[in-house]
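Participant: Supplied in structure tokens, the structure appears directly below.
The values are calculated or read from the model by the stated rules, or taken from the named source; none is laboratory data. These figures come from a predicted structure and were not determined experimentally. Using ideal geometry, Cβ is built from the backbone for each residue, glycine included, and neighbour counts are taken over all protein chains shown. For the accessible areas, the whole protein counts, side chains as well, though only heavy atoms, and no ligand, DNA or RNA atoms are used. Shrake-Rupley method; radii C 1.70, N 1.55, O 1.52, S 1.80 Å.
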Amino acid sequence: MIRAIRACKTAAEERGVVRKECAAIRASINENDQDYRHRNLAKLMFIHMLGYPTYFGQMECLKLIASPGFPEKRIGYLGLMLLLDERQEVLMLVTNSLKQDLNHINQYIVGLALCALGNICSAEMARDLAPEVERLLQFRDPNIRKKAALCSIRIIKKVPDLAENFINPAIALLREKHHGVLITGVQLCTELCKISTEALEHIRKKCTDGLVRTLRDLTNSPYSPEYDVAGITDPFLHIRLLKLLRVLGEGDADASDSMNDILAQMAENTSKILDAGAFQWYWSEDDYVMVGQVATKTESNKVAGNAILYECVQTIMSVEDNGGLRVLAINILGRFLSNRDNNIRYVALNMLMKAVTVDAQAVQRHRATILECVKDSDASIQKRALELVYVLVNETNVKPLAKELIDYLEVSDYDFREDLTAKICSIVAKFSPEKIWYIDQMLKVLSEAGNFVKDEVWHALIVVISNASELHGYTVRALYRAFQTSAEQEILVRVTVWCIGEYGDMLVNNVGMLDIEDPITVTESDAVDVVEIVIKRHASDLTTKAMALVALLKLSSRFHSCSARIKEIIVAFKGDFVLELQQRSLEFNSIIAKHQNIRSTLVERMPVLDETTFVGRRAGSLPGTASTTTAPSVSLPNGVAKPVAPLVDLLDLSSDDAPAPSSSGGDLLHDLLGVDLSPASQQSGAGQTLKNGTDVLLDLLSMGSPSAPSTSSTVDILSSNASNGAPVSPLNDLSSLSLSSRATSNAGAAPIMDLLDGFPPSPSTENNGPVHPPITAFENSHLRLTFDFSKQPGNPQTTIIQATFMNLSSDTYTDFVFQAAVPKFLQLHLDPASSNTLPAAGNGPIVQNLKVTNSQHGKKSLVMRIRIAYKINGKDTLEEGQINNFPRGL
């Protein structure tokens with residue numbers, strides 16, 4: 001079969017061979033052919049590795065496992081591990097066979113069962129078979145003990161509760177002389193420490209000293225061909241022991257002290273191999289006495305030796321220790337950076353990134369080597385080294401490090417320039433000692449890699465320039481020189497154009513010359529030439545050309561000798577295909593031609609930008625616009641932020657398009673009710689719209705109906721007793737709105753805040769009924785909810801609401817549950833409902849009382865979200881809604 005598959009020249013031909021073989025295997029399975037069962041399963045395993053489905057052979061695995069012979073069991077267990085995983089339900093059938101094989105007298109069959117269990121063990125199988133595996137940890141044969149330890153690791157990962165059963169057997173394995181058993185015992189103890197705190201404390205207390213002795217004996221052992229790898233005795237066991245010591249020493253000073261000697265002697269012997277003199281700067285002879293030896297025979301050019309050195313460094317950095325060992329570990333990492341192997345350098349950079357937070361000064365000593373890694377040809381090492389350099393920068397070394405990085409920027413790879421430019425700009429902005437140095441470094445970056453600079457970076461540069469009034473002349477001259485040699489850098493061109501537009505007269509008149517700069521002669525025509533070159537260059541984008549037009553407009557007021565030329569350049573864009581440039585050209589030309597008297601005022605220098613605010617916005621520490629309220633703010637298209645209305649603050653449901661409280665009553669009604677009551681609409685004579693809006697307002701306040709519109713296209717709002725016919729002031733004068741219950745004069749009108757925050761209740765009389773009329777809070781075709789309101793005497797902030805639920809359908813509602821939620825300024829208490837069953841057809845209501853306390857009574861009205869859940873014939877139903885029509889004054 002294998003030869004036939006390998007001889008296939010096309011995928012279709014291969015699929016044909018596989019289909020033919022699978023058909024033959026199915027036929028053999030149906031015939032229950034026991035002689036060829038193991039061969040059929042071997043074929044299925046090969047077919048499975050090719051990626052074809054083999055689910056039909058899963059039961060054959062179980063049959064072979066149940067066979068008495070070792071060859072059949074071996075094929076069966078191998079098929080079980082390949083064709084099945086722990087998610088297969090078929091796996092439950094093999095548990096009994098595994099239990100029998102774990103107790104088999106043949107140790108090789110026991111080994112097969114342990115291998116299978118260690119690979120596909122599920123949580124259920126782990127609970128059932130854990131006692132057998134625990135017993136096998138003390139088996140006479142070392143191979144069985146080794147496999148049992150590995151199987152135990154999977155069991156405690158699947159069922160962490162079983163970890164305590166394996167603590168003592170695992171500790172016993174640490175005393176083994178057989179390296180295979182010892183390394184699996186160390187792995188088991190490591191996993192136990194990670195899973196169980198109890199196991200960690202127990203192993204730390206009982207085993208730390210023994211592990212240190214084992215490690216010392218291992219490194220001092222003579223040459224052993226059985227375990228030797230490149231001159232090192234069992235490097236795998238070295239590494240496992242170091243990992244376990246790292247777990248035990250982390251966070252425990254006593255355990256760390258007991259292993260300091262062996263770790264330090266490892267570092268000493270490593271330093272002898274690499275370069276012993278390199279560490280004498282940081283260690284005295286007394287310090288050398290402390291150490292043991294693990295890396296005695298390591299060689300830095302061998303993988304095994306470097307692996308042990310790396311694990312040693314990781315252990316030193318993780319355990320509790322004084323600074324001496326950490327300095328030595330960091331120096332080892334520094335030597336790793338000089339290795340020719342890229343993998344070793346990469347892991348050294350990763351470890352140094354972690355070490356910076358512990359001992360930055362020790363890492364600083366290897367700054368030169370790290371900078372060389374930034375210039376490496378390997379992209380991964382470049383990026384990792386750049387991140388490390390970025391972390392190492394501070395106020396004292398920012399100048400030399402920035403110089404090195406900018407010098408490398410000139411010759412760096414094109415793909416690496418974006419990351420390098422971003423880091424340099426961030427370093428310069430964060431640690432700049434003075435503005436002139438910041439400007440100089442940014443100009444160098446713009447000249448070398450301006451096309452990679454992000455918008456916020458050059459925006460920040462312009463902010464700094466505008467704030468450095470004494471450097472305006474120096475900056476514009478430096479930009480003019482840079483433009484002559486680096487005109488292809490788009491961001492440099494933008495900053496140059498902006499500065500020439502703002503400070504072009506300083507460029508021409510050599511204002512603010514510094515001692516460090518050479519004199520330069522620039523005429524007005526030369527300055528205009530720069531802007532003209534930019535605006536007519538095909539490579540310039542829309543933003544650059546638009547900035548150039550603005551610069552020309554500003555120069556037209558300052559360079560009178562070039563006014564006509566500037567006008568010609570601007571006029572040339574009045575027919576441009578880009579609408580933005582065309583519009584600017586026409587408007588600027590109109591300013592130059594027709595508005596000479598205001599042009600100089602229009603094109604004055606830009607006011608100094610607030611550097612602190614800009615930096616805060618970039619860092620995210622300041623909002624876009626200061627808000628006068630603690631409520632969430634909404635960003636409008638024009639950049640203005642306004643507070644979110646209390647209505648949409650319910651349960652944090654505010655959104656970008658949420659309405660905000662307005663300064664006028666009409667706007668508020670438009671926001672809350674969707675009614676347009678703006679003065680413009682009132683003056684337009686849309687009386688019907690106003691009438692509808694008034695209807696909504698009066699309906700909300702339960703005040704009756706409005707009168708017909710008057711001849712002046714205004715609407716009068718009547719008092720609550722509409723039959724009296726006593727009019728009050730017109731709607732378009734909302735500030736004089738009066739709500740007396742009887743006919744009154746216009747005196748004593750209510751202020752606009754009454755409309756925003758609730759009207760004062762009308763004086764009650766014997767015939768007026770309740771102060772706050774009931775409302776229908778929720779209603780649909782099969783359910784109605786009404787609210788009745790009452791107040792406690794002397795406590796106007798608290799409202800008692802009686803909720804009445806009525807079933808309008810022909811079905812009975814069971815498991816009836818009512819829930820409500822209110823904003824933060826309200827407190828809500830729900831009493832138990834009268835029943836959880838709502839009879840059909842209105843044959844009986846459910847009544848439930850609510851108590852609401854309004855902490856901002858008189859300022860904010862009640863708002864509530866409700867949820868009603870019930871069952872109809874066993875089917876769950878959910879109703880939701882928001883109640884906004886509460887009477888004012890609650």
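Participant: Could you sort 25-37, 137-149 so that the peptide with the highest average Cβ count within 10 Å comes first and the rest follow in order?
Facilitator: Ranking the peptides 25-37, 137-149 by packing returns 137-149, 25-37.
Participant: Turning to a different aspect of this structure: Once you have a ≥ b ≥ c as the square roots of the Cα gyration tensor eigenvalues for the range 772-883, tell me rounded if a/c is under 1.5, and otherwise prolate or oblate according to whether a/b is larger than b/c.
Facilitator: prolate
Participant: Per residue of the range 127-132, in order, report the coupling 6.51 cos²θ - 1.76 cosθ + 1.60 (Karplus, θ = phi - 60°) as ³J(HN,Hα) in whole Hz, putting x for Gly and Pro.
Facilitator: 5, 6, 10, 4, x, 5
Participant: OK, next. Ordered by residue, what ³J(HN,Hα) values in Hz, to whole numbers, does the range 873-886 give under the Karplus form 6.51 cos²θ - 1.76 cosθ + 1.60, where θ = phi - 60° and Gly and Pro are x?
Facilitator: Those phi angles translate into 6, x, 9, 5, 9, 10, 10, 9, x, 10, 9, 10, 9, 5 Hz.
Participant: How far apart, in nm, are two points set 7 Å out from the Cα along the Cα-to-Cβ line at Ala12 and at Ser426?
Facilitator: 5.5 nm
Participant: Now a separate question. Quick check on the range 67-142: take the gyration tensor over C-alpha atoms, sort the square-rooted eigenvalues as a ≥ b ≥ c, and tell me if it's rounded (a/c under 1.5), prolate or oblate.
Facilitator: oblate
Participant: Okay, which of the range 9-31 sit inside 19 Å, backbone N to the point 7 Å along the Cα-Cβ direction of Leu50?
Facilitator: Residues passing the 19 Å test: 9-29.
Participant: Through the Karplus equation 6.51 cos²θ - 1.76 cosθ + 1.60, θ set to phi - 60°, convert the phi angles of the range 467-473 into ³J(HN,Hα) values in whole Hz; use x for Gly and Pro.
Facilitator: 7, 9, 4, 6, 10, 4, x
Participant: Here's something else I'd like to know. Any idea of Arg865's accessible area? Nearest 10 Å², probe 1.4 Å.
Facilitator: Estimated to the nearest 10 Å², Arg865 gives 70 Å².
Participant: Could you give the distance between the Cα centres of the range 118-156 and the range 517-541, to the whole Å?
Facilitator: Taking the Cα centre of the range 517-541 as reference, the centre of the range 118-156 is 80 Å away.
Participant: Placing +1 at every Lys and Arg Cβ and -1 at every Asp and Glu Cβ, with all other atoms neutral, what dipole size does the range 419-614 have around its Cα centre, in debye to the nearest 20?
Facilitator: Magnitude of the dipole: close to 540 debye.
Participant: Arrange the peptides 371-381, 785-795 so that the one whose residues have, on average, the most other Cβ atoms within 10 Å appears first.
Facilitator: Per-residue Cβ counts within 10 Å, averaged per peptide and sorted highest first, yield 371-381, 785-795.
Participant: Please give the charge dipole size of the range 92-154, origin at the Cα centre, charges +1 on K and R Cβ atoms and -1 on D and E Cβ atoms. Round to the nearest 20 debye.
Facilitator: Rounded to the nearest 20 debye, it is 200 debye.
Participant: Next question. Ranked from highest to lowest mean number of other Cβ atoms within 10 Å per residue, what is the order of the peptides 341-349, 105-113, 329-337, 539-547?
Facilitator: 329-337, 341-349, 105-113, 539-547
Participant: Which pairs break 30 Å Cα to Cα here: Lys206/Lys302; Lys383/Lys444; Lys243/Lys383?
Facilitator: Lys206/Lys302
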